Structure formats: structure tokens, C-alpha cells
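All remarks here apply to the structure that follows.
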Amino acid sequence: MILPEHIRVEARWREGHLTGIIIDPGLPLPLEQILSGRTAEEAMDLLPALFPICRRSHEAAARLCLDPRTDPEKGATQFLLPAFRCLHEEAMTLLFGLFLRAEPGERAGLARFRKTLDSLEQEAVAGSSRGEGGEKAGIRASLAAYADLLEQGLLREQPFLSRLHDGPAHPASLPSGRKRPVQTGFMPPLSAFTSGNERSISLLDPPRFNGRIVETGPLARDIPDPGTREWLETWGPAPFLRHRARLRELFNLPRRVRDLAGENRSFPIIHFRDREGFRVAMVETARGRLMHRGRTEKGRVRDYQVLSPTRWNFHPQGVLRVALESIDDLDSSQAENRIREEIDSLDPCLPVTLAVHNHA
């Protein structure tokens, strides 16, 4: 069973002004019905199939929430291979977003690059399952080789990536049309959830966190960068800043992969038990924060919830709506491209049906 996420956006435009917007993210999967009563193993096998976008991240989160062999007190450090696979999935997703924006002649090189990285990840998984050198030796060697290959490939593709960085997404190339900087917040970093006072978070309350609409994804993770904060003060979370954050994240991935092999590991996953006794897993994906929350009773699933990045950024009252409502004074011929740019900057991998109705 595969039920991909799909968003429908309908905008009404009149004389350069947005007069109405509908954002339909579809109905959430009835996970309580699908999973309740299943064994933990059955649920762990089923969940990645239910969420084909960021499948590896869903698989890692499901294991942390349901596998009785995992220990929330040890965090995610016991899962070096799943953490590596999540970073690989992030690299593949970021590269796919670039692939969509590349010229036809540039896509073949990117496709080969992605295929090579995929093969190296599969070798690491196969080596781990055979027990070649154990986790500490075999996977760390794979991490080092993967980081080197990723870094070399990015350097090879740097002229192309620089063109994207300075191309249509740059503010000088954007059409006028934002009447004011968008006032939204950003999802706090994973480190904010490692203390007990954050562990009562409700996973079913998007698009607000602590009372404020928040964005999740590469731009939210790029907030510590002084240059990003300076741009945000002027432009707000504009599309070019999201694309810039994706490129910065892509170039930082080799370092993050190497960090996994070191003693001071920086994992893209956290894992804890909340105040209600649920096991919670949070994974940073290329699309944003993914959260799973569940509990079992006598080896069978009793409760389970999933909150994907889509439920934050594409909530009917969330980040996309606030961004689109800030657009103004555009010629009707520009409206559809401008709205599409906003959507693609939030998530280039998500299928979105867009309809723009211009009323004279």
C-alpha cells in the first residue's frame, strides 16, 4: 500500500491582489485504524511503505518508536547505520531538487552522481548486514568513503551549483510583489527537545509551535548563519533564501557524515520518552522535521502518530498561506510563476496541483 502525499493549491487573483486561497493537504492517514493491534514488527515494515517520501527517515523513526530493543535513554547513538542512511536520503533529496532546476544538459551528470552515491550507501548496508568489521569499523569506513565521494562530486559540480545560487532565485532576479517581510517563526533545533521541559510537545498541533506559525526545513536549520539572519531581516523567508539554505546544507553534508564516524557525533535523529509515556523520534530530513510518536502494549501497537514536514509547511493556515498572502502588486501573467516559486522553495519534491484563477 503506497499513499503518497499530494497537495492541491487554488488561488484567486484580481488586479494584482490575492483575493482567496485554498490549500488542501489531503486527509491524514488513519494510522490508528491501520496500525492498531498489529505487532511492532508488522508496523515497522508497513510504515515506510505508507510514506514513500523520505522512506528511510520514516523507517528509522518507526524503529526508534516501536523496536523493543531500542533504549530511549541511550538516544540515537545506538543507530549509526540508520543515521547514515538518513543523511544519504537527505543528500539524494537535495540533489533531486537541484536536478529539477538544472538545464537538460546538466541533468545527466547529476543523475550519475546520485546513482554512485546510492551504490555506496547500498554497499554500506550490505556490509553491515554481513557484519564486515562490525558497526564501528565497517560503517565508519563507509562513512569516510561516502563523505569523500560526496565532497569530490560537489566540487566537480560547483560551477553549476554557483549558477543556481546566483541565478533566478537571487533577490535581484525576483519580481517585485512582496508587500512586506513574512512574519513567521522557525522550528527550533533538535537540541531544544533534549530537555525534559520540551518533552510534552503535542504532535497534532501544526502549524503552530508555542503559539506561532513555524517553518521547518533547511532555512530553519540555517538560522545560526549571520548572513541568513541579515537577509531575513530584509526579505523575510523568501524563496531565494530557502534555495540558498539548501545549497549550504548540501555542501555541509560531507562534514556531517564525517562527524558520524567521530566520537562527538552529530546525529540527525533524537529519541526520547515523553511525559505521557510515548516514545518519540524526531528526524531532520531535507524537507524538514519528521516526528513519530507511539507506544505498544504486550508487543502490539496501541497508539501511533506521524507528523511529516508537509503538515507544517503546507497546513491550510500555515507557512505557505502566510507567504502567499504577503504577495501583492503582481501582473496577472507573473502570478502563477510567483506562487509556484514559493511552493517549490518550500518543497521541490512534493507533488502539488496548482490552479490560479485570474479575475478581471
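The values are calculated or read from the model by the stated rules, or taken from the named source; none is laboratory data. No experiment lies behind these values; they were computed from the predicted model shown. Cβ atoms come from the backbone with ideal geometry, glycine included; neighbour counts cover every protein chain shown.
What are the residues in segment 1-15 that are aliphatic (A, V, I, L, M) and in a loop (DSSP other than H, G, I, E, B), if any?
Scanning segment 1-15 gives 1, 2, 3.
Determine whether segment 225-246 contains at least one residue that is in contact with a Gly (Cβ under 7 Å, 6 or more places away or on another chain), over 24 Å from residue 67 (Cβ atoms), assigned to a strand (DSSP E or B) and modelled with pLDDT of 90 or more.
no
Any residue in segment 260-273 that is of a type in the set (Asp, Glu) and crowded, with 23+ Cβ neighbours inside 10 Å?
No, because not a single residue in segment 260-273 is of a type in the set (Asp, Glu) and crowded, with 23+ Cβ neighbours inside 10 Å.
Would you check which residues across segment 275-286 are over 18 Å from residue 57 (Cβ atoms) and touching a helix residue (DSSP H, G or I) at 6+ places or on another chain (Cβ under 9 Å) and list them?
275, 278
Quick one: would you say residue 73 is out of contact with any Leu (no Cβ under 9 Å at 6 or more places or on another chain) and either surrounded by 16 or more Cβ atoms within 10 Å (Cβ to Cβ) or at pLDDT below 90 (or both)?
Taking the combined requirement at face value, the residue satisfies it.
Identify all residues within segment 16-36 that are part of a loop (DSSP other than H, G, I, E, B), farther than 17 Å from residue 352 by Cα and free of Cβ contacts under 8 Å to residues at least 60 places away in the same chain; write none if there are none.
Hit for segment 16-36 is 30, nothing else.
What helices (runs of 4 or more DSSP H), lying completely within segment 278-360, carry at least 2 residues that are surrounded by fewer than 22 Cβ atoms within 10 Å (Cβ to Cβ) and among the hydroxyl-bearing types (Ser, Thr, Tyr)?
Answer list for segment 278-360: 332-346.
Of the residues that make up segment 44-55, is at least one among the charged types (D, E, K, R), at pLDDT 90 or above and either under 22 Å from residue 303 (Cα atoms) or in a helix (DSSP H, G or I) (or both)?
Yes, there is a match, as at least one residue in segment 44-55 is among the charged types (D, E, K, R), at pLDDT 90 or above and either under 22 Å from residue 303 (Cα atoms) or in a helix (DSSP H, G or I) (or both).
Under 9 Å between Cβ atoms, which residue pairs at least 6 apart in sequence (or on different chains) link something in segment 100-124 that is in contact (Cβ under 8 Å) with a residue 40 or more places away in the chain with a partner that is surrounded by 17 or more Cβ atoms within 10 Å (Cβ to Cβ) and of a type in the set (Val, Ile, Thr)?
124/139
Here are 141, 124: which of them is modelled with pLDDT under 85, of a type in the set (A, V, I, L, M) and either crowded, with 18+ Cβ neighbours inside 10 Å or more than 19 Å from residue 82 (Cβ to Cβ) (or both)?
It is 124.
Checking the conditions here, which among 188, 168, 175 is at pLDDT 85 or above and closer than 30 Å to residue 326 by Cβ?
Only one candidate qualifies: 188.
Within segment 259-296, track down each residue that is modelled with pLDDT of 90 or more and closer than 15 Å to residue 150 by Cβ.
Hit for segment 259-296 is 286, nothing else.
Specify which of the listed residues (267, 314, 278) is under 22 Å from residue 185 (Cβ atoms) and not β-branched (Val, Ile, Thr).
314
Kindly evaluate residue 249 against the criterion of being exposed (fewer than 14 other Cβ atoms within 10 Å of the Cβ), in a helix (DSSP H, G or I) and at pLDDT 85 or above.
The answer is no for residue 249.
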